[in-house]
Amino acid sequence: MRLAFPQVDEFLTFAHQLADRAGAVTLPYFRTPTPVDDKGGRRYDPVTEADRAAEAAMRKLIQARYPTHGVLGEEEAPRIGSEPYQWVLDPIDGTRSFITGIPLWGTLIALNDGQRPRIGVMDQPYTRERFVGTPDGAWLNGRALAVRACTDLASASLMCTAFEMFDDQGQRQVFREIADKARLVRFGGDCYAYCMLAMGMVDVVIEVGLKPYDVQALIPIVEGAGGVMTTWTGADAQHGGAIVACGDRRLHQTLVAQLAPCA
């Protein structure tokens, strides 16, 4: 099932409203003294009142406008809807950047039609950048985005949020092997890395341990710009896990062949 064009317009308009509301909630917390909790786990996993309040505000709007739609978010329990549509929310992707005053974070909003995410928004309210992806393309503040051609890893710019995310020794080793061959490697970025790929500034993003709310908004943006985003085995990326995104499908095929045995 694919969303009809009138529905794309309707749901995208609403996604913009969600982004506006989330931005109004998160911005007053940014670069101000904000209590930070640790969700626990092997690595420091911060969460702030801005995360919780922004997701709650978006959920309230969804409940009022589309009470039959489901909601999957990072900070609250999933809500199962009576229709196949599901809104997938990450109120602040890049909380580590948020709490250190670095504007490499964003609010992620996706609409999944029951088969895959069809609409994706990454909003950075501090820099006033809004990336949007639909079945018809991808845009930054209304300007069309396009990935760049790059078939050779030696010419590629590679991004990853943190090397520490690779818990498995085999995954660490294969990432090192790929990174050693890339022209440029940059860490940090979270959702921004994927948007820079869609913008034609980055060629590859390789990460592991991602959740559905980390990736679903980014898939329509990457794909709408002409890129490809899958698991390390080349499968559907919408459920998260070990993810590779490329601007050039030829380079993606090469990397999947190398990454798949370590997935």
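Inside segment 33-77, counting only strands (runs of 3 or more DSSP E) that do not spill past its ends, which hold 2 or more residues that are surrounded by 12 or more Cβ atoms within 10 Å (Cβ to Cβ) and touching a helix residue (DSSP H, G or I) at 6+ places or on another chain (Cβ under 7 Å)?
The qualifying strands (runs of 3 or more DSSP E) are 46-48, 70-73.
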Taking Gly189, is it under 17 Å from the mean Cα position of the chain (by Cα), assigned to a strand (DSSP E or B), over 14 Å from Leu255 (Cβ atoms) and not acidic (Asp, Glu)? no
Of these, Val204, Val185, Val147, which one is hydrophobic (A, V, I, L, M, F, W, C) and touching a Cys at 6+ places or on another chain (Cβ under 6 Å)? Val204
Please verify whether Arg172 is touching a Ser or Thr at 6+ places or on another chain (Cβ under 9 Å) and of a type in the set (Lys, Arg), treating the condition exactly as stated. no
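Residues in segment 170-182: is at least one among the β-branched types (Val, Ile, Thr) and surrounded by 24 or more Cβ atoms within 10 Å (Cβ to Cβ)? Working first, answer last.
Step one: list which residues in segment 170-182 are among the β-branched types (Val, Ile, Thr), which gives 174, 178.
Within this subset, residues satisfying the condition of being surrounded by 24 or more Cβ atoms within 10 Å (Cβ to Cβ) are none.
Checked segment 170-182: no residue is among the β-branched types (Val, Ile, Thr) and surrounded by 24 or more Cβ atoms within 10 Å (Cβ to Cβ).
I'm checking my understanding of the structure. Among residues of segment 211-234 that are of a type in the set (Gly, Ala, Ser) and surrounded by fewer than 23 Cβ atoms within 10 Å (Cβ to Cβ), which one is nearest to Ala260 (Cα to Cα)? Write out each step before concluding.
From segment 211-234, those of a type in the set (Gly, Ala, Ser) are 217, 224-227, 234; that's our starting set.
Adding the requirement that they be surrounded by fewer than 23 Cβ atoms within 10 Å (Cβ to Cβ) leaves 226, 234.
Details: Gly226: 22, Gly234: 8 Å.
Looking at the filtered set, the residue picked out is Gly234.
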Between a first residue in segment 202-229 that is without any contact (Cβ under 8 Å) to a residue 12 or more places away in the chain and a second residue that is not hydrophobic (A, V, I, L, M, F, W, C), which pairs have beta carbons less than 8 Å apart while being 6 or more apart in sequence or on different chains? none
Single residue of segment 138-156 satisfying the filter (in a strand (DSSP E or B) and open to solvent by 10 Å² or more (accessible area, probe 1.4 Å)) that is farthest from Glu223 (Cα to Cα): Arg143
Restricting attention to segment 106-127, does a residue exist that is modelled with pLDDT of 95 or more, open to solvent by 40 Å² or more (accessible area, probe 1.4 Å), out of contact with any Ser or Thr (no Cβ under 7 Å at 6 or more places or on another chain) and of a type in the set (A, V, I, L, M)? no
The residue from Gly101, Gly114 that alone is closer than 17 Å to Asp51 by Cβ, not hydroxyl-bearing (Ser, Thr, Tyr) and not in a strand (DSSP E or B) is Gly101
For a quick check of your reading of the model, give me the residue pairs whose first member lies in segment 139-150 and is free of Cβ contacts under 8 Å to residues at least 40 places away in the same chain, whose second is open to solvent by 80 Å² or more (accessible area, probe 1.4 Å), with beta-carbon atoms closer than 8 Å and at least 6 apart or on different chains. Asn141/Arg128
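The values are calculated or read from the model by the stated rules, or taken from the named source; none is laboratory data. These figures come from a predicted structure and were not determined experimentally. So basically every Cβ, Gly included, is an ideal-geometry build from the backbone, and we count neighbours across all protein chains shown. Side chains are part of the model used for accessible areas, which takes the heavy atoms of the whole protein and leaves out ligands, DNA and RNA. Shrake-Rupley method; radii C 1.70, N 1.55, O 1.52, S 1.80 Å.
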